[in-house]
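Data block below; observations after.
The values are calculated or read from the model by the stated rules, or taken from the named source; none is laboratory data. Since the structure is predicted, the reported quantities are computational estimates derived from the model, not experimental observations. All Cβ positions, even for glycine, are placed from backbone atoms using ideal geometry, and neighbour counts span all protein chains on display. Just so you know, the surface numbers come from the protein's heavy atoms only, side chains and all, with ligands and any DNA or RNA stripped out. Shrake-Rupley method; radii C 1.70, N 1.55, O 1.52, S 1.80 Å.
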Amino acid sequence: MGVIEGRDVTSDRREETDVLVIGSGAGGATVAMRMAEAGKRVLVLERGGYYTGLADPIEPGKPGRGQLDQREDDMIVRIDGDRGLGTTSDGQVALTYGNCVGGATVHYWADSYRTPPDRLALWESQYGVDAHSEDELRPWFAQIEKDLAIVPAPETYLNGCNVLFKKGVETLRWHGEPVPQARRGCLKSGYCMQGCAYDAKQSMLVTYVPRAVRSGALVYADARVERILAEGGRATGAVAVVMDRDTNRPSGRRIEVRAKIVVLAAGGYGSAPLLLRSRLANRSGQVGRNLRANPCSMVFGIFDHDVVMWRGIPAAFGCLEWRLARDEQGHYREGGYLLMPNQLQPAGLAAFLPGFGAEHRRLMEAMPRIASTIAWIDDVESGSITLARDGSVETSLPIAGRNALMLRDSMKKGAHALLAAGAREVFLADAVGTRIRDEKDLGRIDGVEIGPGAMSFAAPHPAGACRMGRDPATSVVKSTGETHEVANLYVADPSVFPTAVSVDPSETIMAFSHVLADRVLQRGVV
């Protein structure tokens, strides 16, 4: 049967399996594939829908349904969490995550970095993460890169925005390099964030999910897990409601699954709320705390020639000069973020352009000549995920302290790169549309208002809300991925990372999930 969609479930169902996986993104798909290929009965519950491009990802050679249609309005509703409307409680930070079979990998850019060795060393020394050293993960990185065809982006992948970004970085003599990409036969259409219609981007939708299904795994789409079940200190399954995809509301039908082990992979924003609702694994009070999410800044530059940033791949060339923050006499000086060329489709770009009326119209008319940078800051002030009295999720991410200093510096560096590439003027996406026309004006960014209502940010890489560690008093899961308190309940997504990764986390999520799968198979509990 492969994938069962919500419309196919006409009555309540009860299932039994060896391994229940909640979520089908980078973590869930990896575990489901490993378990299924090891001969275990695997069932996946995915909150979002099942959408295909031109080909059927599970049956090679069979036409797909063409639902990845390259329309911004359609795709943000189909594959983005909260239909693209989720924010922090103050409305300032957009929470960017996936909501479909394949998870966030369906809308990610395909940037695929190995975990920096300094980050793995930090997690081991400061948080007690064992058995995840660079040496121990290296074979899994190699396997993932083979499975997903990950190689540094060739020069032919550089679009107009990438070319300008590369010119600016090299002019300033900053360290830049091609970005590793998970792609096969890329057509460079520019619709990566809307899901690849051509199955070229190697998301979980076209790689590990099909492998899991072809080895016998069963995937339920449109199945929102309400509660994880546990008896006698051991996880035993979960209860899900079937969602009506058109209305985004529960249909009234339920799926109850009994399993020998449960692997929670609902994502960096989704796993903590599910544990809180289930009242599990939180004796330490750490579930939902320690949230990092790489809030990102954007800067825009107008050039005298067409750039057309929405064509080609988003980021073929990146700047790693500022990945690690630099302090001076114990105080922040600069850096602490990954600086990249940006890509927004016209509607998304229009939403970020400042101004109203005629002023906004002038920028819209200049849209083909706009290039942009984006910076993911390695946030250090933590946010949180909690449940309100009515059960709704409340998320906070501080744009203050060191986080604010890094955001400001990232805007200065992004503006500097655009000016060095020849931008006629640079502007910010703040309420007043601050203009920078010369590098001597970069200091103005230090005084720009960046609070709620003045500037918005997006946060695409959540981590930390179910962090991994040796001490049950300060962490949620062991280094095996199993929770400290509930046996046979595992977490396989970025919420286990003690901090943000400082690069795109997709390959790190998969590598950690391979380690988790190994531990489960070695235990012989299924």
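Starting from 0.36 nm per residue, how many nanometres of slack lie between residue 83 and residue 449 once their C-alpha separation is accounted for?
128.9 nm
Roughly to the nearest percent, how much of the accessible area of the stretch 443-509 is carbon and sulfur, given a 1.4 Å probe?
After summing per-atom areas, the C and S share lands at 53 percent.
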*Write down the accessible area per residue of the stretch 241-342 in Å², having rolled a 1.4 Å probe over the full set of protein chains.*
38 Å²
*asked:* Quick check: at a probe of 1.4 Å, how many percent of the accessible area of the stretch 264-336 sits on carbon and sulfur atoms?
replied: 40 percent
*Based on Cβ point charges of +1 for Lys and Arg and -1 for Asp and Glu, what charge dipole magnitude is obtained for the stretch 8-85 about its Cα centre, in debye rounded to the nearest 20?*
200 debye
*What translational diffusion coefficient, in µm²/s and rounded to a whole number, does the Stokes-Einstein relation yield for the stretch 368-526 at 4 °C and a viscosity of 1.567 mPa s, taking the hydrodynamic radius as the Kirkwood radius over Cα pairs?*
70 µm²/s
*Would you list, by chain and number, the aspartates and glutamates whose Cα falls below 20 Å from the Cα of residue 440, excluding same-chain residues fewer than 8 positions away?*
170, 334, 409, 425, 430, 449
_Residue-normalised accessible area of the stretch 133-238, given per residue in Å² at a 1.4 Å probe_ = 42 Å²
*Could you tell me the accessible area of residue 328 in Å² (1.4 Å probe, neighbours in place), rounded to the nearest ten?*
110 Å²
*asked:* For a distance above 19 Å, tell me the whole-number percent of Cα pairs in the stretch 129-240 that qualify.
replied: 68 percent
*Taking every Cα atom in the chain, find the radius of gyration and the maximum pairwise distance Dmax, and write them in Å.*
22.2, 68
*Which percent of the accessible heavy-atom area of the stretch 92-139 goes to carbon and sulfur, probe 1.4 angstrom?*
52 percent
*Dividing the convex hull volume of the alpha carbon atoms of the stretch 1-124 by its residue count, what do you get in Å³ per residue?*
197 Å³
*For the chain, calculate the relative contact order in percent as a whole number, restricting contacts to Cα pairs under 8 Å that are 6 or more residues apart.*
23 percent
*asked:* Rounded to the nearest 10 Å², what accessible area does residue 127 have for a 1.4 Å probe in the complete protein model?
replied: 50 Å²
